[in-house]
Amino acid sequence: MTPEELEAARDRLVPDVVADGLHVLFCGINPGLMSAATGHHFARPGNRFWPVLHASGFTPRRLQPAEERELLGYGLGITNVVARASARADELSDVEFREGGRILTEKVKLLRPRWLAVVGVTAYRVAFGDKHAKIGPQERTIGTIRIWALPNPSGLNAHWPLPKMAEEFGRLRAAAEAG
């Protein structure tokens, strides 16, 4: 894609991959420009979401972004805290994160997944006003829906190597399977 095509993608929305009663609803920070341009979540080649999802046992093989709807068959879905696409998450404002957290809360109440997994603890902290949140299960719930903060799978998140990230995603998988 050309830089012009990527820039034009800023105004495009990436549709949620959701259904009622999922085991886990993964929630990214916001779509990157590549995701907005392709219409698929975690589409940038350096993003580790799809490899980590497979390595942690959520999927039997590594899916490609264009195969994202297959997640529904595994009881998984994807949404975002903020719908607006950007080149980097640090282009988003705290106001956007807080409004995204409000919208996400309403979405989760409607969809009723067992777990909401926010992929990016910093985004979780701002969206939900919990500045002390750490990676892992959170005390906060949305009704009966549990929340897990996961590391951001962006290739820029160097202090979370793929095996360590897969281990954390695997902890969530085990919790989701346990009920």
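The values are calculated or read from the model by the stated rules, or taken from the named source; none is laboratory data. These numbers were taken from a predicted model, which means no experiment stands behind them. Please note: Cβ atoms are built from the backbone with ideal geometry, for glycine as well, and neighbour counts cover all protein chains shown. Ligands, DNA and RNA are stripped out before the accessible areas are found, and what is left, the full protein with its side chains, is counted by its heavy atoms. Shrake-Rupley method; radii C 1.70, N 1.55, O 1.52, S 1.80 Å.
Relative to one another, the C-alpha centroids of the stretch 124-147 and the stretch 40-73 are positioned 24 Å apart. Pairs of Cα atoms nearer than 8 Å and 6+ residues apart set the relative contact order; for the chain it is 27 percent. Here the Karplus relation 6.51 cos²θ - 1.76 cosθ + 1.60, evaluated at θ = phi - 60°, turns the backbone of the stretch 83-94 into coupling constants of 7, 5, 6, 8, 5, 9, 5, 6, 7, 8, 8, 4 Hz, with x for every Gly and Pro.
Could you tell me what percent of the accessible area of the chain is made up of carbon and sulfur, with a 1.4 Å probe and every protein chain present? Please report the intermediate quantities before stating the final value.
Numbers: 4740 of 8780 Å².
Looking at the chain in its full context, I get 54 percent from C and S.
Between the residues GLY46, ALA174, PHE26, the greatest Cα displacement towards the positive end of the dipole of the chain, with unit charges on the Cβ of Lys, Arg, Asp and Glu, is found for ALA174.
Computed 3J(HN,Hα) for the stretch 136-142, one whole-Hz value per residue from the Karplus formula 6.51 cos²θ - 1.76 cosθ + 1.60 where θ = phi - 60°, is x, x, 9, 5, 4, 10, 10, glycine and proline marked x.
Compute the accessible area per residue over the stretch 7-113, keeping the other protein chains in place, probe 1.4 Å, unit Å².
Counting only protein heavy atoms, the per-residue value for the stretch 7-113 is 46 Å².
The phi torsions of the stretch 161-174, fed into the Karplus equation with coefficients 6.51, -1.76 and 1.60 and a -60° offset, translate into couplings of x, 3, x, 5, 5, 4, 4, 5, 4, x, 4, 5, 4, 4 Hz, rounded to whole numbers, with Gly and Pro shown as x.
Taking volume of the Cα convex hull per residue in Å³ as calculated from this structure, the corresponding entry among (i) 124; (ii) 150; (iii) 106 is (iii).
If you take the square roots of the eigenvalues of the alpha-carbon gyration tensor of the stretch 98-179 and sort them as a ≥ b ≥ c, do you get rounded (a/c under 1.5), prolate (a/b over b/c) or oblate?
Numbers: a/c = 2.07, a/b = 1.27, b/c = 1.63.
Oblate.
Dividing the summed helix terms, -39500 (n - 2.57) for each DSSP H run of n ≥ 4, by the number of residues in the chain produces a 222 nm estimate of -10500 deg cm²/dmol to the nearest 500.
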